[in-house]
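Working notes, structure below.
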Amino acid sequence: MQKTFVVLFGILFSGVSFAEVHGFIAPAYQWGTASGDRNGFVLQDAALYVSGKLGDIEYLVDLPFHSAGEAQRVEVSSGELVTTSEIDNSFNFATDQAQAYLSQSFKSGFSWKAGQFDGIYGYEAADAFEREFLRPGFLGDAVPVTHRGVLLGYEMGMVQFNGVVSNRANQSMSTASVRPDFGLRASFEGELFRGGLGGLYQSAVASSSYLIDVMLGATVGSLVFDAQFDYLKGNVWGLMGLASYVWKDSGSFSLRGEIGKNMSSKWSFAAGPKVNLTKNVTLYTQYTVSEDVSARLGKKHLLDLGATLQF
C-alpha cells in the first residue's frame with residue numbers, strides 16, 4: 001500500500017515544480033514645481049511574482065502595487081485619455097498591469113500564452129527595475145498596458161512574430177457592440193540593430209480604432225539608442241527618443257525626449273544616471289521637464305530620487 005502511494009504521488013507530481021516567489025520594490029522621493037504636484041515619499045512601483053512549471057507549461061502571477069494615484073499609466077480608449085490623481089497612504093494593488101497567464105514554448109520556435117499578460121507594444125518596460133528611468137515617459141499612454149486573451153508567437157533566429165486576440169485594450173468583457181482586439185507584431189534583434197513594427201485593430205459597430213507602433217534601436221559600443229513612434233486613430237501620436245551611455249555593469253546615464261499630439265503632455269525631456277550598487281540594488285536620479293496639455297499646469301519640473309530592490 002505504501003509503495004502504491006509513493007508511485008501514485010510520483011506520477012501526479014513528477015512534472016510539477018515548486019512555485020518561486022520573488023519581486024521588487026521601488027521607493028522614491030519626488031519633488032515638483034507645478035501646483036498640482038505632491039512632494040514627498042512615494043512607492044513608485046513594486047510587485048510580487050509567483051512563477052513555476054506544470055510539466056512543460058509555465059505559469060506566472062504578477063501582482064503590482066504602488067502608492068495610490070502615483071505611477072498610473074494613462075489608459076487610451078477610443079482615442080480618449082483618462083487618468084486619476086488621488087493619493088494617500090494606501091496602495092493601488094493589482095489595478096494597472098497585473099498578469100496571470102500560462103505559456104509554453106516549443107523547440108520548433110512556436111509558443112503560446114493565455115490569460116492576462118504584458119502588452120506587446122512600446123519600448124519602456126512596465127516594471128521600474130527594467131527601465132533606464134524610474135518614472136516612465138508619457139508615450140506609454142498610447143499602447144495597451146496588458147492584453148487579456150491569447151498570444152501566438154514564432155521565433156526564427158533574430159526574428160520574432162506575435163499575434164494577439166484579446167478583450168478591448170485594458171477593458172473587461174466585451175459588450176455586443178464591441179468586438180475583440182486583433183494585433184500583430186514583427187521584431188528583430190541583432191548585435192548592432194533592432195526594431196519592431198506592430199499594429200492593433202479595435203472593431204465596434206459604431207466605430208473602430210487602430211494603433212500603429214514602430215521601434216528602432218542600435219547599440220554602438222557603450223552607446224545605446226532607441227526610438228519609438230505611435231499613431232492612434234483620431235490624430236493621436238507620439239515620438240520618443242532615448243540615448244544611454246552604459247558603464248558595463250556599473251550603471252548608465254540616459255537622456256529621453258518625447259513629443260506628442262492629443263496626449264497627456266505636449267513634450268517631455270528627462271535626464272539622469274542610474275547606479276548599480278549590487279546585482280539587485282539600483283539607485284536612480286531623474287530630472288524631468290515637460291509641458292502639460294492643460295493650460296493651467298503648463299511647463300513643470302520634476303525631480304525623482306529613488307531605488308529599486310529585487311528579491
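FYI, it's all coordinate maths here, none of it is from the lab. Since we're looking at a predicted model, the values are computed, not measured. Glycine gets a Cβ as well: all are built from the backbone with ideal geometry, and neighbour counts include every protein chain shown.
Mind giving me the nanometre distance, one decimal, between the label points for F182 and Y287, set 7 Å out from Cα along Cα→Cβ?
4.9
With labels modelled as points extended 7 Å from the Cα through the Cβ direction, what inter-label distance (nm, one decimal) is found for D249 paired with H22?
Here the answer is 1.5 nm between the modelled labels.
Assuming 0.36 nm per residue, please report the length gained on full extension of the stretch E58 to V150 beyond their Cα-Cα distance.
Answer, rounded to one decimal: 31.7 nm.
Return the sequence-ordered ³J(HN,Hα) values of region 104-121 in whole Hz as given by the Karplus equation 6.51 cos²θ - 1.76 cosθ + 1.60 applied to θ = phi - 60°, using x for Gly and Pro.
8, 10, 10, 4, 5, x, 7, 8, 9, 8, 9, x, 10, 9, 4, x, 9, 10
Full extension from S90 to V220: what is 0.36 nm times the residue separation minus their Cα-Cα distance, to one decimal in nm?
That pair, S90 and V220, stretches by 42.4 nm at full extension.
Could you list, in their original order, any pairs among K274/K299; K274/K300; K113/K279; K113/K233; K261/K299; K107/K279 whose Cα atoms are separated by more than 20 Å?
On the way: K274/K299 25 Å; K274/K300 22 Å; K113/K279 29 Å; K113/K233 28 Å; K261/K299 16 Å; K107/K279 31 Å.
Long pairs (Cα-Cα over 20 Å): K274/K299; K274/K300; K113/K279; K113/K233; K107/K279.
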